[in-house]
1. Under a 5 Å amide H to amide H cut-off, with H placed in plane at 1.01 Å, what residues pair with Ile60 once short-range neighbours are removed?
2. Just need the relative contact order of the stretch 86-177 here, percent rounded to a whole number, with Cα pairs under 8 Å and 6+ apart.
3. Which cross-chain or sequence-distant (5 or more) residues have an amide H under 5 Å from the amide H of Ser156, H modelled 1.01 Å from N in plane?
4. State, to one decimal in nm, how far the label point of Lys194 lies from the label point of Lys56, with both points 7 Å from Cα in the Cβ direction.
5. Only four residue types carry charge here, +1 at the Cβ of Lys and Arg and -1 at the Cβ of Asp and Glu. Report the dipole size of the stretch 90-163 about the Cα centre in Debye, rounded to the nearest 20.
6. How would Val53, Val105, Val90 rank on accessible area, largest to smallest, probe 1.4 Å?
7. At q = 0.11, 0.16, 0.19 Å⁻¹, what is the log10 ratio I(q)/I(0) for the stretch 95-220, with the Debye formula run over Cα points and no solvent?
8. Between Thr187 and Lys154, what is the FRET efficiency for a Förster distance of 25 Å, r being their Cβ-Cβ separation, to the nearest 0.05?
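The values are calculated or read from the model by the stated rules, or taken from the named source; none is laboratory data. All values reported here derive from a predicted model rather than from experimental measurement. Note that each Cβ is placed from the backbone with ideal geometry, even for glycine, and that neighbours are counted across all protein chains shown. The area values use the complete protein model at the heavy-atom level, side chains included, leaving out ligands, DNA and RNA. Shrake-Rupley method; radii C 1.70, N 1.55, O 1.52, S 1.80 Å.
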Amino acid sequence: MKKNNKKRELKPRTENQAEYIRAISENNITFCSGPAGTGKTSVAVGLACEYLVSKKVSKIVITRPTVESSSRGLGYLPGNLKEKVHPYLVPILDEMKYYLDDQKVKSLMSSDIIEIVPLEYMRGRNFHWSFMILDEAQNATFDQIKMFITRLGKGSKAVINGDLDQTDLPKNLSGGLNHCLDRLSDTQGVGICKLDYCDIVRSKVLARILRKLDPPKNES
């Protein structure tokens, strides 16, 4: 099969995706919730790559919670911090290759222009002129999301996205994404977006499956 080297251009495929792009462009921090396949990650990654190429930012920072069913955390995994967290961020890196290309992504990562930062180790960092992405935020606690937001520096943007119906947190821990969505609406500089089944672009059958499998929204 012939390899397609043409880079993808970010174009909204639904009205809600267009609103998501507008919210990111107009705000410092944008929260986005929605089911799998709606473009929560791909839109954020595509816009981050556009901002980097056009020099609106000088760095892309990507992170996500590392929730282990074994509850052993990152310590037991082999390698340095980047190597430990890399498997969790493969979906984002794969998405980046559509907008940049494999070699470009590797080059930018080697120079820390694209930086993988384990969420658990971001405290104390400040990111200026950066496009920050917190993916799978439904698995982050309120304190983790608050800590991530406070890393935002001058000239930076942050996108925090997740699927509220797919949390992997232990039952004794409460996710912070829903709390932030409720408390930060109508806050200047903060965008709140919601994608739904109608925005699923990954596969037509996926929307039909999730409608059947996900619990009703009014179910407690």
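1. Sorted by chain and number, the residues that satisfy this are Ile114, Glu115, Phe131.
2. Numbers: 108 pairs, mean separation 25.5, N = 92.
Reported relative contact order: 28 percent.
3. Hits under the 5 Å cutoff: Trp129, Ser130.
4. 2.6
5. Values: 9 positive and 11 negative charges, 93 e Å.
Result for the stretch 90-163 is approximately 440 debye, rounded to the nearest 20.
6. Numbers: Val53 100, Val105 5, Val90 50 Å².
Per-residue accessible area, sorted high to low, gives Val53, Val90, Val105.
7. -0.51, -1.02, -1.26
8. Working: r = 19 Å, r/R0 = 0.77.
According to the calculation, E is roughly 0.85.
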